[in-house]
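For reference, the structure discussed in these notes is given below.
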Amino acid sequence: METVSEMPNSKIISAGGPKANKLKSTKFGGKLVSEYWESVFRAKEAGKKVVWYNGTYIPPFFHAHDLVWVHGEAWAAMLAARHREIGAQARGEQYGYDRELCSYARTHIGQMLIELDRVRSGDHGMDPDDPRLETMLKLPAPDMIVNAYPYCSSGQQWDDITYRNFGKKVPMFTIQIPLLWGGRPDAGYMQGEEWEQRSKYVAEQLLELTRFLAEHTGRKYDYDRLGETMTYVKKAAELRLEAMDMCQVHPSPASFFDWIVSIAPVNFLPGDQNLVTYFEGVKAEIAERVKAGQGAVPNEKYRLFFDGMMNWNKVGWLAEKFAAVDACVVAGRYTHMSFWQEPQLIDLGDPILGMAQNYLICPNNHGAPIMIGEIEKLCDKFDIDGVVCHASRTCRGMTNSQFLIADSAKKYGRQSMFFEGDVADESFYKDELLNIRLEAMIESMDAKRRAA
Amino acid sequence: MQQIPDQMRQAADAPLDYAAAWKARTGRPVIGLLPMNFPGELAHAAGCLPTLLQEDDEPITIGQSNMFNFYCGYNRSIVDQTMRGRFDGLDAIMFGDHCVQLLGTADIIRAEKPDLPILFNQLCTVLDAGWAMRETRGTFSQIWKELEALTGEAIDPAAAAQSIRLFNRNRAQIRALYDLRRRGEVSISGRDMQAVVKSSMVMDKDEHVSLMDLLLRDMPRQAPGSGDLPIYLSGHMCHAPKPEIIDLIEECGIRIVNDDLFTGWRFVHADMDESLAPVEAMASWYIEKNRSLPCPTRAIKGKDWQDYLLVELENSGALGLVVLMVKFCEPHMYFYPEIKAAFDEKAIPHLLIETEHEQMPLEALKTRVETFAEIVRRRATALAA
Ligand code: SF4
Ligand code: SF4
């Protein structure tokens, strides 16, 4: 859904035409995403109740209860990827939201304010040719709000604001997904007393969520349907991980940017056969590429790991940026350590505990030692030369441990670099800085190879 | 009388030196607390000195290699102090808060000081959830156990009850001072009021209680009424505003009659119920205090911060509101627009001052505060007419 924008002053991007060899199979995802948004826009006509939610991948709970769901982050990311975020952010700023505040939240809340303005005035008051209008007039208002944001306090507060902006009348349910600090002696990745306690705590809240949904729809919650939905999700998650594993070969058949494009399906699309078909397609294409020795970056010379939140205004742009210097960003924290990362935990007969555990292991939600240990495992697995940290200005949730991550990379003989940008506010992106630092990192990687 | 605030200020300005001297004297552990919701009572009951870690005045230097400059000054200062070895005398750090920046700071401290135990147990952030009390009870019980393991001694529930009584007494003393100030019966500068609260965060409780007794006894009383403009000070999460900013506000003919600052009323407004078992008392204190004075880092549906402020302004006779917002403080940034809208709607003058760890351009700020004071003055005249 993203395009490569014009950026005349870039040095790297102008070095020859597009080089990133994107997976073709992900196009099906674009179609599914469009269909999903269409179904969202038609929700009220179809007589469906709408849940707005933020945070982790809880849509199976909504899907199983025949609701329509709007993921605030996805909405903000979609606006940013289509370069439609600016109006929303401006409305947020006009109301008083400081631009240092999470830009995902600002975009979503700003958009909400625009819509509320329209409802209040009975008129959108905009030029009919205003390109913002198309998306703005469609998003249905919530019948319920659910928040389930691991780790980041901003994520929780964001929905508090949504709740307030809708006059505190829309029923809201907040799930706390507490940090796994990992300070007790038996702590480890998915182990120890804290892990066991927190898993049960989140599972209990999820069960409570089903009661909340039943109460506010007047319908009994269908747990069998939840199991059925999770059958597809679990299958898709397994396929995704298998396909990711196939990228250990050189050149890597898919890049981090292909996995970024694949987040929407696994994150918030309905758990049905389409989801499985999507990842079957991705896996099949990757298998073909492996056989043909075809890479996501044709002349792959360097293999990188991307740390940090995605810069949604720049997905295609960044894919080209790295490809232009023959660097394949093979894996990332956002893509490879989240989104049903441990599907084996899900017992399809009784999926809630396993779902809770998958929500808990969102990569931000581990204390740094365990989280960085997992990053190192990935870097070893994918034979990574360097780590690129996106210092996303307004997302402290993902920048928190980045200096420690960069230190760890160096400790294990990998290069590391930072570049400045943001999740959805383009004004924080510094192209020149990225160019300079990327060039410097490439030089260091070359020097290291020469020395070897 | 001025001697007492000055003595308090000494501890407040150099809390780690105070803690080191206390430790040398008593041979007992010192526990650093991170704000804003962790009670010192438990550490006190375990025979430790709880000290709420404060921002210091040093410029951020080596801390920059571990934390981005788009984090609030409090976090950057804590990281910088960690790297300068300022916390080396601590025996542990305890906290349970939720602010995402603070979580990052804790991880940096752990990486820099691997031998310093960090007892982190996250408090329930959804205060009106059905499970909030149960979870909070569990969190404090867990901390109780971890503190016992740290000191190697059992915490006697009777000692915890005694600590609760002592801390309640200290809070009540400070509230009494707030009442006197609000009624205009004492004249205490904003700077001194900050020293009173800040020192209570870091000093030995018995010592602070004794000083407060003296202060309340000896402070000269005056007849209510002063020519200065009464205003209410709000915000400033997690740490104290710089005294120069408070001075500057007062120099513009403004009298601070009340506040909800963290280093202020927010820290002392709620007591623990002495009739309850200690863990129960701490849990209900935590849940209830954030209901009675809304905190932007917690999710609750019932009460809004702006409604609280409107009522408090009325109660304290303040004619305007000054909001001190820590730069990059996300929880505050989320809620400020609603405060602004509510005060705009009621046409009550308000001024936002964004504070920074680094030097602030005080001259420009002074012009803004003077203009604000003029608006408040006109309102006072209009109300009097
Ligand atoms: S700051 Fe980052 S992690 Fe937190 S809500 Fe915003 S995008 Fe999510
Ligand atoms: S709540 Fe605000 S002041 Fe406190 S640590 Fe977080 S960002 Fe800083």
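Note on the range B:63-74: residues that are part of a helix (DSSP H, G or I) and either within 10 Å of B:C329 (Cα to Cα) or within 7 Å of chain A (Cβ to nearest Cβ) (or both) total 3. Under the condition of being surrounded by fewer than 21 Cβ atoms within 10 Å (Cβ to Cβ) and either charged (D, E, K, R) or touching a residue at least 60 places away in the same chain (Cβ under 8 Å) (or both), the residues counted in the range B:271-280 number 6. The residue of the range B:312-332 that is farthest from the chain's Cα centre (by Cα), among those that are closer than 16 Å to B:M237 by Cβ and part of a helix (DSSP H, G or I), is B:E330. Among the residues of the range A:200-220, the one identified as crowded, with 19+ Cβ neighbours inside 10 Å and more than 14 Å from every other protein chain (Cβ to nearest Cβ) is A:L213.
Applying the criterion of being without any contact (Cβ under 8 Å) to a residue 60 or more places away in the chain and assigned to a helix (DSSP H, G or I) to the residues of the range A:291-344, the residue that is farthest from A:M445 (Cα to Cα) is A:Q344. Screening B:R191 with (1) within 15 Å of B:M282 (Cα to Cα); (2) touching a helix residue (DSSP H, G or I) at 6+ places or on another chain (Cβ under 7 Å) gives one miss only, at (1).
Give the residues of the range A:377-405 that are hydrophobic (A, V, I, L, M, F, W, C) and free of Cβ contacts under 8 Å to residues at least 60 places away in the same chain, sorted by residue number. If the condition is that a residue be hydrophobic (A, V, I, L, M, F, W, C) and free of Cβ contacts under 8 Å to residues at least 60 places away in the same chain, then A:F403, A:L404 are the ones that fit. In the set (1) away from ligand 2 (no atom under 16 Å from the Cβ); (2) in contact with a strand residue (DSSP E or B) (Cβ under 8 Å, 6 or more places away or on another chain); (3) within 13 Å of chain A (Cβ to nearest Cβ), the condition left unmet by B:G184 is number (3).
Hey, does the range A:83-96 have a residue that's within 14 Å of another protein chain (Cβ to nearest Cβ), assigned to a loop (DSSP other than H, G, I, E, B) and within 16 Å of ligand 2 (Cβ to nearest atom)? No - not one qualifying residue is present in the range A:83-96. Any idea which of (1) within 28 Å of B:G317 (Cβ to Cβ); (2) within 12 Å of ligand 2 (Cβ to nearest atom); (3) within 10 Å of another protein chain (Cβ to nearest Cβ) is the one B:T355 doesn't satisfy? If we test B:T355 against (1) within 28 Å of B:G317 (Cβ to Cβ); (2) within 12 Å of ligand 2 (Cβ to nearest atom); (3) within 10 Å of another protein chain (Cβ to nearest Cβ), just (3) comes out false. The lone criterion from (1) more than 16 Å from ligand 1 (Cβ to nearest atom); (2) without any contact (Cβ under 8 Å) to a residue 60 or more places away in the chain left unmet by B:S141 is number (2). Answer yes or no: is there a residue in the range B:20-36 that is modelled with pLDDT under 95 and within 16 Å of ligand 2 (Cβ to nearest atom). Scanning the range B:20-36 turns up at least one residue that is modelled with pLDDT under 95 and within 16 Å of ligand 2 (Cβ to nearest atom).
Every residue, every condition in (1) in contact with a strand residue (DSSP E or B) (Cβ under 7 Å, 6 or more places away or on another chain); (2) more than 17 Å from B:E251 (Cα to Cα); (3) within 16 Å of ligand 2 (Cβ to nearest atom), yes or no:
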residue	(1), (2), (3)
B:W285	no, yes, no
B:C295	no, yes, yes
B:R298	no, yes, yes
B:K303	no, yes, no
B:K346	no, yes, no
B:Q359	no, yes, no
B:A373	yes, no, no
B:T381	no, yes, no
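Screening the range B:85-113 for residues that are among the hydrophobic types (A, V, I, L, M, F, W, C) and assigned to a loop (DSSP other than H, G, I, E, B) and picking the one that is nearest to A:D407 (Cα to Cα) gives B:F87. Do we have any residue at all in the range A:74-84 that's among the small types (G, A, S) and farther than 25 Å from A:P363 by Cα? No.
Determine whether the range B:248-265 contains at least one residue that is among the charged types (D, E, K, R), without any contact (Cβ under 8 Å) to a residue 24 or more places away in the chain and either more than 16 Å from ligand 1 (Cβ to nearest atom) or surrounded by fewer than 22 Cβ atoms within 10 Å (Cβ to Cβ) (or both).
no
Considering the range B:100-114, the residues that are closer than 14 Å to B:T297 by Cβ and of a type in the set (A, V, I, L, M, F, W, C) include one that is farthest from ligand 2 (Cβ to nearest atom), namely B:L103.
Of the residues contained in the range B:359-381, none is found to be part of a helix (DSSP H, G or I) and closer than 28 Å to A:W158 by Cβ. Quick check on B:V326: is it touching a residue at least 40 places away in the same chain (Cβ under 8 Å), within 16 Å of ligand 2 (Cβ to nearest atom) and surrounded by 18 or more Cβ atoms within 10 Å (Cβ to Cβ)? So B:V326 passes the test. Among the residues making up the range A:97-112, a single one is more than 9 Å from chain B (Cβ to nearest Cβ) and without any contact (Cβ under 8 Å) to a residue 24 or more places away in the chain: A:G110.
The residues in the range B:82-105 that are within 19 Å of the chain's Cα centre (by Cα), more than 16 Å from ligand 1 (Cβ to nearest atom) and either at the interface with another protein chain (Cβ under 8 Å from one of its Cβ atoms) or not aromatic (F, W, Y) (or both) can be counted, and the count is 3. When the range B:41-99 is filtered for residues that are within 11 Å of ligand 2 (Cβ to nearest atom) and in contact with an Asp or Glu (Cβ under 7 Å, 6 or more places away or on another chain), the ones remaining, listed by number, are B:F70, B:G73, B:Y74, B:S77.
The residue that is nearest to the other protein chains (Cβ to nearest Cβ), counting only those in the range A:157-167 that are away from ligand 1 (no atom under 16 Å from the Cβ) and touching a residue at least 12 places away in the same chain (Cβ under 8 Å), is A:N165. Of all residues in the range A:168-196, those that are under 19 Å from A:Y151 (Cβ atoms) and within 13 Å of chain B (Cβ to nearest Cβ) have Cβ atoms under 6 Å from Cβ atoms of residues that are of a type in the set (F, W, Y) and not in a strand (DSSP E or B), 6 or more apart or on another chain, in A:F173/A:F212; A:I177/A:Y359; A:L179/A:Y151.
Conditions (1) away from chain A (no Cβ under 14 Å); (2) polar (S, T, N, Q), marked per residue:
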| position | (1), (2) |
| --- | --- |
| B:L127 | no, no |
| B:T136 | no, yes |
| B:T151 | yes, yes |
| B:F167 | yes, no |
| B:L180 | yes, no |
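The single condition among (1) surrounded by 18 or more Cβ atoms within 10 Å (Cβ to Cβ); (2) over 28 Å from B:G302 (Cα atoms); (3) more than 8 Å from every other protein chain (Cβ to nearest Cβ); (4) of a type in the set (A, V, I, L, M) that B:L119 does not satisfy is (3). Looking at the range B:314-345 only, could you name the residues that are away from every other protein chain (no Cβ under 13 Å), at negative phi and touching a helix residue (DSSP H, G or I) at 6+ places or on another chain (Cβ under 9 Å)? Within the range B:314-345, B:N315, B:S316, B:A318, B:L319, B:G320, B:L321, B:V322, B:L324 meet the criteria.
The values are calculated or read from the model by the stated rules, or taken from the named source; none is laboratory data. Because the structure is predicted, anything quoted here is derived from the model rather than measured. We place every Cβ from the backbone using ideal geometry, glycine too, and count neighbours over all the protein chains shown.
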